[in-house]
1. Full-extension gain between Thr26 and Thr101, please, as 0.36 nm times their residue separation minus the C-alpha to C-alpha distance.
2. Can you give me the relative contact order of the stretch 91-166 as a percent, contacts being Cα pairs under 8 Å and 6 or more apart?
3. What ³J(HN,Hα) values, in whole Hz, does the Karplus curve 6.51 cos²θ - 1.76 cosθ + 1.60 give for the stretch 153-161 when θ = phi - 60°, with x put for Gly and Pro?
4. Determine ³J(HN,Hα), in whole Hz, for all residues of the stretch 107-116 in sequence, where each value follows from phi through the Karplus function 6.51 cos²θ - 1.76 cosθ + 1.60 and θ = phi - 60°; x replaces Gly and Pro.
5. List, in order, the whole-Hz ³J(HN,Hα) value for each residue of the stretch 73-90 obtained from phi through the Karplus relation with A = 6.51, B = -1.76, C = 1.60 and θ = phi - 60°; use x for Gly and Pro.
6. List the residues whose amide H sits under 5 Å from the amide H of Leu76, counting only those 5 or more places along or on another chain, with H placed 1.01 Å from N in the peptide plane.
7. What is the sum of charges around Arg52, taking Lys and Arg as +1, Asp and Glu as -1, for the other residues whose C-beta is under 13 Å from the C-beta of Arg52?
8. Contact order normalised by length for the stretch 50-119, with contacts defined as Cα pairs under 8 Å and 6 or more residues apart; what percent is it?
Amino acid sequence: MFVSKIIPVAAALSMAAIATSADAGTRVANDLSQCRAGATGTAALVRVVGFRDANGRVRVQSYGGESSWLERGQWLHRVDVPAQPRSRNMTVCLPLPGPGTYGIAVRHDSNGNNSSDRRDGGGFSRNPDLSFPFNLQPDFDEVSFRAGRGVTRINVVLNYMQGTSVEPIS
């Protein structure tokens, strides 16, 4: 009985920690003009779908390679905004340093307490399957995508703890 209460909490903490880190990269505003047609530079237009609720904050972070993937303080760019999903979806424009291979991690801090807890959700570029306890932090090759010049569109489906499972809200 005691173990059954610990396992879901541990899973929530592990999943919510996927996109938390110390300040290292560059914090940027959610400037959707950088992702409009004809915009110069390289960026990811990240459509985050499947919010449980419209509360709290959303953090979207980019990583530049396998050696930095989900390492504390190793993200490249971060957008941190209030959760304001319409129809359970939200769009974030995340600048990228240039053409290359990247991974995106998203965290929905549902209660906005900046602490990992059971209500938080998360997801990754390429939407790998997540499971507890084996795959809450997927490998870089499961999430990596190639960004060229211009805007690369990415869809990230959020996953939340549901009982002892980690899955999208149905």
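1. Stretched fully, the Thr26-Thr101 segment lengthens by 25.2 nm.
2. Value for the stretch 91-166: 37 percent.
3. Along the stretch 153-161, the couplings run 8, 10, 10, 10, 8, 6, 10, 10, 5 Hz.
4. 10, 10, 8, 4, 9, x, 8, 6, 9, 6
5. Here the 3J(HN,Hα) series is x, 9, 6, 8, 9, 9, 10, 10, 9, x, 6, 9, x, 9, 6, 6, 10, 8 Hz.
6. Ser62, Tyr63, Gly64
7. Every neighbour counted, the sum reads -1.
8. Working: 120 pairs, mean separation 31.1, N = 70.
About 44 percent, as a whole number.
We did not get these values from a lab; they are worked out from the coordinates using the rules stated. Since this is a predicted model, take the numbers as computed values, not measurements. Here Cβ is always computed from backbone atoms with ideal geometry, including for glycine, and neighbour counts include all displayed protein chains.
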